[in-house]
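Chemist: Take this structure, written in structure tokens, and hold onto it; I'll ask about it next.
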Amino acid sequence: MKLNRFGSTLAIAMAASLVLTACGDDNPTESDDPTTPAADESADDGGTTEDSAGDTADAGEDTGDAPVAGAELSGTLAGAGASSQDSAMAAWVAGYNQAQPGVTVNYDGVGSGGGREQLIAGAIGFAGSDAYLDEEESEAVKEVCGDGGAMNIPVYISPVAIPYNVPGVDTLNLSPSVLAQIFNQEITTWNDPAIAEINPDADLPEADITVVNRSDESGTTENFMEYLSAVAAEDWEHEADKVWPVAGGEAAQGTTGVITVVGSTENSIGYADASAVGSLTTALVGVGEEFVAFSPDAAAKVVDASEPADTGVEGDLALDLARDTTESGAYPIVLVSYHIVCSNYSDAAQGDLVKDFIGYVISEEGQAASAEAAGSAPISPDLRAAAQESLDSITAGK
């Protein structure tokens, strides 16, 4: 299966005021204080003057009231995290700027782990993450967000594709067991009998397999490992984590890095957010008795079958995904990417910007923009309503 969704929409979106810093930059700016540029810009616009998520000074009066619907806002909002959201974020910012031209939204695609770390440190207003906060992170973020902690708001649903580069092999079926053994470095050649058995019509080469994995802390990695643990536990003994556990492959920084290495390396295979695979060929994944190609609709089927995660945080919308589904047509290697927001912002202006921008992101218009730019699946109406309720519960300036 081939995917090539990048076109004029993304080109226009990338020309907007979004700043997408190169993946792998651990700091949102070159300054020792990661909040300095945001503070400088927002001061010019009448917004915040210090840390965007922590105890900050408001340029106006901290009333704690929600912004008036349709009101014009100004200032700078900083976010960082999942590189899987880069294409969607470009579209979101471009669309949002049409309604709020006085607001600058900066997003640094440093990876999910980096985004969560920056939110906990109070360096940003929201984090993008392909995995929700764990128990330790949920406790640590209270220092910045108050006793109510932070909420995980689902904003982006996308398959995790399995791109490969094997000349002459245009279709590749991979069962959960075979997929796990390849990435666990147990199946090491393309003409291995286990691969050949489920690909009888493929001309598989007698060549070593080069496995490409993320080198940075990644929610995509964690989602992929959760899938392998759920469906192929006998062949995948590693506990799901944001850090890749198997030595011997090619490590690449960020989603773009994985795609670049796979695209330039014959006989390689990797995993990446589907929005980024471009023209690379991708594997079909075994689900029940069939092999399924990724698509937004196939990914959405898995989300619809999933249960809320019990995080103990009021308003939190984290999900435990149904990785082991056998529903026909479902594609179970899927990630739900979140915007993680504080339940309380001491800076009223910053809280208003977070609520307004992410309100656009979850809107029908915002979800349509990301679907066109990144090929993601829109969140359901029910999930949108729940997300808006969570955003409405955010307090600011208190």
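Chemist: Is it the case, given these coordinates, that Gly375 is at pLDDT below 95 and crowded, with 24+ Cβ neighbours inside 10 Å?
Modeler: Answer is yes for this residue.
Chemist: From the list Asp235, Asp241, which one is surrounded by fewer than 24 Cβ atoms within 10 Å (Cβ to Cβ) and within 19 Å of Arg116 (Cα to Cα)?
Modeler: When all the criteria are applied, what remains is Asp241.
Chemist: Against the condition in contact with a helix residue (DSSP H, G or I) (Cβ under 6 Å, 6 or more places away or on another chain) and over 18 Å from Leu172 (Cβ atoms), how does Asp273 come out, does it pass?
Modeler: yes
Chemist: Mind listing just one residue for me: the one in region 244-263 that is among the polar types (S, T, N, Q) and in contact (Cβ under 8 Å) with a residue 40 or more places away in the chain and, of those, least open to solvent (accessible area, probe 1.4 Å)?
Modeler: Step by step, filter region 244-263, then rank; the result is Thr255.
Chemist: Just to check your reading of the model, which residue among Asp134, Asp130 is of a type in the set (Asp, Glu), closer than 28 Å to Ser370 by Cα and open to solvent by less than 10 Å² (accessible area, probe 1.4 Å)?
Modeler: Going through Asp134, Asp130 in turn, the sole match is Asp130.
Chemist: On to the next question. In region 84-122, how many residues are open to solvent by 10 Å² or more (accessible area, probe 1.4 Å), touching a strand residue (DSSP E or B) at 6+ places or on another chain (Cβ under 6 Å) and not β-branched (Val, Ile, Thr)?
Modeler: Result for region 84-122: 3.
Chemist: Tell me, yes or no, whether region 341-351 has at least one residue that is in a strand (DSSP E or B), open to solvent by less than 10 Å² (accessible area, probe 1.4 Å) and not aromatic (Phe, Trp, Tyr). It would help to see each step written out before you state the result.
Modeler: To start, the set of residues in region 341-351 that are in a strand (DSSP E or B) comprises 341-342, 344-345.
With open to solvent by less than 10 Å² (accessible area, probe 1.4 Å) added as a condition, the list becomes 341-342, 345.
Those still in the list that are not aromatic (Phe, Trp, Tyr) too: 341-342.
Yes - at least one qualifying residue is present in region 341-351.
Chemist: Just give me the residues in region 210-228 being touching a residue at least 24 places away in the same chain (Cβ under 8 Å) and more than 10 Å from Gly111 (Cβ to Cβ), in sequence order.
Modeler: Residues satisfying the conditions are Thr210, Val211, Val212, Asn213, Glu222, Asn223, Phe224, Glu226, Tyr227, Leu228.
Chemist: Mind checking which pairs have a first residue in region 80-101 that is over 14 Å from Val336 (Cα atoms) and a second that is among the hydroxyl-bearing types (Ser, Thr, Tyr) and surrounded by 24 or more Cβ atoms within 10 Å (Cβ to Cβ), Cβ under 6 Å, 6 or more apart or different chains?
Modeler: Final answer for the pair search is Ser87/Ser275; Met89/Tyr107; Ala91/Ser370.
Chemist: Which helices (runs of 4 or more DSSP H) does region 139-231 wholly contain that include 1 or more residues that are touching a Lys or Arg at 6+ places or on another chain (Cβ under 6 Å) and open to solvent by 10 Å² or more (accessible area, probe 1.4 Å)?
Modeler: Passing ranges, in order: 219-231.
Chemist: Got a number for residues in region 72-98 being within 19 Å of Ile153 (Cβ to Cβ), at pLDDT below 95 and not polar (S, T, N, Q)?
Modeler: The number of residues fulfilling the criteria is 2.
Chemist: Which residues, taken from region 280-300, are open to solvent by 10 Å² or more (accessible area, probe 1.4 Å) and within 18 Å of the chain's Cα centre (by Cα)?
Modeler: If the condition is that a residue be open to solvent by 10 Å² or more (accessible area, probe 1.4 Å) and within 18 Å of the chain's Cα centre (by Cα), then Ser295, Pro296, Asp297, Ala300 are the ones that fit.
Chemist: What is the one condition in (1) among the polar types (S, T, N, Q); (2) surrounded by fewer than 24 Cβ atoms within 10 Å (Cβ to Cβ); (3) without any contact (Cβ under 8 Å) to a residue 60 or more places away in the chain that Thr311 does not satisfy?
Modeler: So the condition that Thr311 fails would be (3).
Chemist: Here's another thing I want to ask about it. Give me the residue from region 268-279 that is buried (at least 21 other Cβ atoms within 10 Å of the Cβ) and outside any strand (DSSP E or B) and, out of that set, farthest from the chain's Cα centre (by Cα). Steps first, please.
Modeler: At the first step, the residues of region 268-279 found to be buried (at least 21 other Cβ atoms within 10 Å of the Cβ) are 268-277.
Applying the additional criterion that residues be outside any strand (DSSP E or B) yields 270-271, 274-277.
Values: Gly270: 17, Tyr271: 14, Ala274: 11, Ser275: 11, Ala276: 12, Val277: 15 Å.
Result: Gly270.
The values are calculated or read from the model by the stated rules, or taken from the named source; none is laboratory data. Not measured: the values here are computed from a predicted model. When we count neighbours, we look across all protein chains shown, and the Cβ atoms used for this are built from the backbone with ideal geometry, even at glycine. Side chains included, ligands, DNA and RNA excluded: accessible areas come from the protein's heavy atoms. Shrake-Rupley method; radii C 1.70, N 1.55, O 1.52, S 1.80 Å.
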